[in-house]
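The values are calculated or read from the model by the stated rules, or taken from the named source; none is laboratory data. Worth saying up front: this structure is predicted, and the values here are computed from it rather than measured. Here the Cβ positions follow ideal geometry from the backbone for every residue, glycine too, while neighbour counts run over all protein chains shown.
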């Protein structure tokens, strides 16, 4: 059971980028954003990117088994620290974000799912179950993207930063657990 809890926690942590960006977009009052298409596209990208990473990580694990776990922990820790740093940056004025319309949907989905590629490498090194990982990452990221787009008008900008910080802390914690 703890394996499922770990997997779902990682899926939530990875979805915080999508949630934060979705909140930022919704707070800019972009009414022409299709929430369902955007959420579905982000979900697909959060399945595609870790899949690519998983296969790369499995190859690394077969070649360098003795350092695989430390590498996975370091990658998770680095990604977590990057998310925390991004969440702590003082950004009083909202930066222009990619508006998910037309080709922007794919750019948005790629940007918020890049970190899941690295996580996929880590999970591949650890021989994680492919289909469970992909379904969890896709479902959670689609849900959090849709939630961010839906709730953005009611929530303050700082909640998006807190979400990213929380996601980063979770990944950092998993990384430290693997290293130690």
Q) Looking at this structure, is residue 159 over 16 Å from residue 38 (Cβ atoms), modelled with pLDDT of 70 or more and in a helix (DSSP H, G or I)? A) no
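Just the residues that are surrounded by fewer than 24 Cβ atoms within 10 Å (Cβ to Cβ) and either touching a strand residue (DSSP E or B) at 6+ places or on another chain (Cβ under 8 Å) or at negative phi (or both), please, taken from region 122-133. Outline the logic, then answer.
From region 122-133, those surrounded by fewer than 24 Cβ atoms within 10 Å (Cβ to Cβ) are 126-133; that's our starting set.
Once the filter is applied, which keeps residues that are surrounded by fewer than 24 Cβ atoms within 10 Å (Cβ to Cβ) and either touching a strand residue (DSSP E or B) at 6+ places or on another chain (Cβ under 8 Å) or at negative phi (or both), region 122-133 yields 126, 128, 129, 130, 131, 132, 133.
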